[in-house]
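Student: Below you'll find the structure I mean.
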Amino acid sequence: MLSKRIIVCLDVREGMTTKGIKFLENVDVGDPVAMARDYYEQGVDELVFYDITASSEKRDIILDVVNAVARNIFIPFSVGGGIRSLDDMYRVLDAGAEKISVNSPAVLDPGLIAEGARRFGSQCVVLGMDAKRVTPTKRIPSGYEVWINGGRTPMGIDAVAWARQAEDLGAGEVCLNSIDADGTEEGYELTVTRLITDALSIPVIASGGAGKPEHLKDVFLKGGADAALIASMVHYRRYTVGEIKSCLAGSGIPVREYIG
Amino acid sequence: MTDRKRYEGMIAIIDYKAGNLRSVKRALDHLGLPARITADPVEMRAAERVIFPGVGAARSAMESIANSGLAGVISEIVRRGVPFLGICLGAQIILSYSEEDDRTDCLDIIPGGALRFPEGPLKVPEMGWNNLKVCRDHPLFRSVDPRSQFYFVHSYYPQPRNDDAVVARTEYGITFPSVIGRGNVIATQFHPEKSGRCGLRFLREFCSWDGKDGTC
């Protein structure tokens, strides 16, 4: 039976993680490669590196990170942030990432998804999407709107319609982040997750709001998510990936517990 | 130095422009196993074992194999009993045909076809970690812990004509053959190079396997 995936997200700026692990003996805090290794040892199923480097001159540093991670861990990982062209996709995949994730640039130019899927295969192309709850209107019947630029710019586009369009264009997966839940640590936004998972036939990763293992249980059972993104709950050492998984297994959710 | 000497112990990763070659190479590098990504028939023939990876579509992979004249070299290597590992698309195009791209003729190393997952409630591609149920004794799977999971990404699965060629099966809506093999050929629908420690252990075992599975 296919396991539900637990994905840890690492924010990387100029080659260093921004949410470091606190008080760690063996892990160099701030070093994304050491952190990736640590989560790999804990049994994480997948990793996402989100590049938040602002200056374009320093953006290539992420490629060194990708290279080093690919030589050290042997599970799938993706890279998001700063990917605006086929050339950006190529360089990240060539450096060893399994997938790339595109968010704002895909909203502005949906052709990017189609071209990426055609050139590298759908399994490489993840649509990252930020959705925010609004009063349903004719334009936004689902009541969830797509925002871009890290949740700063509303686009007047319906989140469900956009996710469907991305699937039609060839996206292999959707990573759905709820702007309302993000950072609250009070649980995923289950309604929008359910709307998107029901609308698509490709896997959906739920993101935003995870604070404890019960939140993952809810997003799998009630939200129908295929994978759950987590960050601070493991970065701040409140839980290990193994603890989260045994809690989920105790609720009958299929997870990969044995890591060899 | 003769070619044979130079490539002694070498693992050839067949390069047919189908992507994902370097992740296999990185995994072998990590294990300290000597591997080369190569499209050179001389190197392939001299290698001690061969890995046939692959990501992408059956038609373009078969076209690339046809254009580079590799089909003959591959079947010669297989005939000679060299340990041969197909991965993902490499486990599909060793069959007679694939349903992908309106049916594509494939290498016909193991009789059978690559079939698409049926339409239904499950998401296609299958993407993620899943178990194996080993269904016939095989030296490479004898010591695999039954709790082990492996990483899958695929919309098609290998279906050999004879059940004898099925080494392990996996459940995803249906029960499909996830490891197939005959004699010196073994092929996994999952990606061992992306399957953490369980996958690395399998690669290490393959790299010390004598190519005999007790059948032929």
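Student: At 7 Å along the Cα-to-beta-carbon direction for both B:Arg197 and B:Arg147, put a label point, then send me their distance in nm to one decimal.
Tutor: 1.1
Student: Follow-up. State to the nearest 20 debye the size of the charge dipole of the protein assembly as shown about its Cα centre, where the only charges are +1 on K and R beta carbons and -1 on D and E beta carbons. Let's see the in-between values first.
Tutor: Working: 56 positive and 62 negative charges, 131 e Å.
Magnitude of the dipole: close to 640 debye.
Student: Another one. May I ask you to evaluate 6.51 cos²θ - 1.76 cosθ + 1.60, the Karplus curve with θ = phi - 60°, for each residue of the range A:64-74 and list the ³J(HN,Hα) values in order in whole Hz, giving x for glycine and proline?
Tutor: Result, ordered by residue: 5, 4, 4, 4, 5, 4, 5, 7, 10, 10, 10 Hz.
Student: Mind jotting down the three principal axis lengths of chain B based on Cα atoms? Whole angstrom, largest first.
Tutor: Computed over the Cα atoms, the extents are 58, 38, 32 Å.
Student: Also, quick follow-up: Mind scanning A:Lys4/B:Lys17; A:Lys132/A:Lys217; A:Lys58/B:Lys123 and naming the pairs with a C-alpha gap bigger than 27 Å? List each step's numbers first, then the result.
Tutor: Values: A:Lys4/B:Lys17 32 Å; A:Lys132/A:Lys217 22 Å; A:Lys58/B:Lys123 38 Å.
Over 27 Å apart, Cα to Cα: A:Lys4/B:Lys17; A:Lys58/B:Lys123.
Student: Of A:Arg238, A:Arg133, A:Arg194, which has the largest mean-square fluctuation in a 10 Å C-alpha GNM of chain A?
Tutor: In the Gaussian network model the winner is A:Arg238.
Student: Connecting C-alpha atoms closer than 10 Å in a GNM of chain B, tell me which of B:Arg36, B:Arg142, B:Arg204 has the biggest fluctuation.
Tutor: It is B:Arg142.
Student: Diagonalise the Cα gyration tensor of the protein assembly as shown and give the resulting equivalent ellipsoid semi-axes, square root of 5 times each eigenvalue, largest first, whole Å. Each step should come with its number before you reach the end.
Tutor: On the way: eigenvalues 281, 109, 99 Å².
Computed over the protein assembly as shown, the values are 37, 23, 22 Å.
Student: On to the next question. Probe radius 1.4 Å, ligands and nucleic acids left out: can you give me the accessible area buried at the A-B interface, summed over both chains, in Å² to the nearest hundred? The partial results should precede the final answer.
Tutor: On the way: alone 11620 and 10070 Å², together 18940 Å².
That pair of chains buries around 2800 Å² in total.
Student: Show that you can apply the helix-only estimate: for the protein assembly as shown, add -39,500 (n - 2.57) for every DSSP H stretch of four or more residues, divide by all residues, and state [θ] at 222 nm to the nearest 500.
Tutor: Values: 17 runs with 146 residues, N = 476.
Calculated at 222 nm, the ellipticity per residue is -8500 deg cm²/dmol.
Student: Continuing with the same structure: So for the range A:5-250, Kirkwood radius off the Cα pairs, Stokes-Einstein at 37 °C and 0.692 mPa s: how many µm² s⁻¹?
Tutor: In µm²/s, the coefficient is 183.
Student: Right, here's the next one. From the phi angles alone, apply the Karplus equation (6.51, -1.76, 1.60; θ = phi - 60°) to the range A:6-15 and give each ³J(HN,Hα) in whole Hz, x where the residue is Gly or Pro.
Tutor: Going residue by residue, I get 10, 10, 9, 9, 10, 8, 10, 10, 6, x Hz, with x marking Gly and Pro.
Student: Quick one: if you stick a label point 7 Å off each Cα along the C-beta vector at A:Tyr90 and A:Arg237, how many nm between them?
Tutor: Here the modelled spin labels are 4.4 nm apart.
Student: Now for a different question. If each of A:Met1 and B:Asp108 carries a label point 7 Å out from its Cα toward its Cβ, how far apart are those two points in nm?
Tutor: With each label point 7 Å from Cα toward Cβ, the separation is 4.2 nm.
Student: Sticking with this one: Per the 1.4 Å probe, what fraction of the accessible area of chain B, in percent, lies on carbon and sulfur atoms? List each step's numbers first, then the result.
Tutor: Numbers: 4160 of 8690 Å².
For chain B, the apolar C and S fraction of the accessible surface comes to 48 percent.
Student: Would you please give the residues with an amide H less than 5 Å from that of B:Ala39, counting only those at least 5 places away or on a separate chain, with H modeled from the backbone geometry?
Tutor: For B:Ala39, the qualifying residues are B:Asp15.
Student: Write down the accessible area per residue of the range A:182-260 in Å², having rolled a 1.4 Å probe over the full set of protein chains. Mind dumping the intermediate values first?
Tutor: On the way: 2870 Å² over 79 residues.
Heavy-atom accessible area per residue stands at 36 Å².
Student: Same structure again: Any aspartates and glutamates with Cα under 13 Å of the B:Lys133 Cα? List them, leaving off those in the same chain fewer than 8 positions away.
Tutor: B:Lys133 reaches B:Asp145, B:Glu171.
Student: What residue among B:Pro121, B:Pro158, B:Pro41 shows peak mean-square fluctuation when chain B is described by a Gaussian network model with Cα springs under 10 Å?
Tutor: For chain B, modelled as a Gaussian network with Cα springs under 10 Å, the answer is B:Pro121.
Student: Say R0 is 22 Å: what FRET efficiency, to the nearest 0.05, do A:Ser56 and A:Arg152 get from their beta-carbon distance? Please list the in-between numbers first.
Tutor: Details: r = 19 Å, r/R0 = 0.85.
With R0 = 22 Å, the Cβ-Cβ based efficiency is 0.70.
Student: List the residues whose amide H sits under 5 Å from the amide H of A:Glu173, counting only those 5 or more places along or on another chain, with H placed 1.01 Å from N in the peptide plane.
Tutor: A:Leu127
The values are calculated or read from the model by the stated rules, or taken from the named source; none is laboratory data. Quick caveat, the model's predicted, so the values are computed rather than measured. Ideal geometry is used to build each Cβ from the backbone, glycine not excepted, and the neighbour counts take in all protein chains shown. The accessibility values were calculated without ligands, DNA or RNA, using every heavy atom of the protein model including side chains. Shrake-Rupley method; radii C 1.70, N 1.55, O 1.52, S 1.80 Å.
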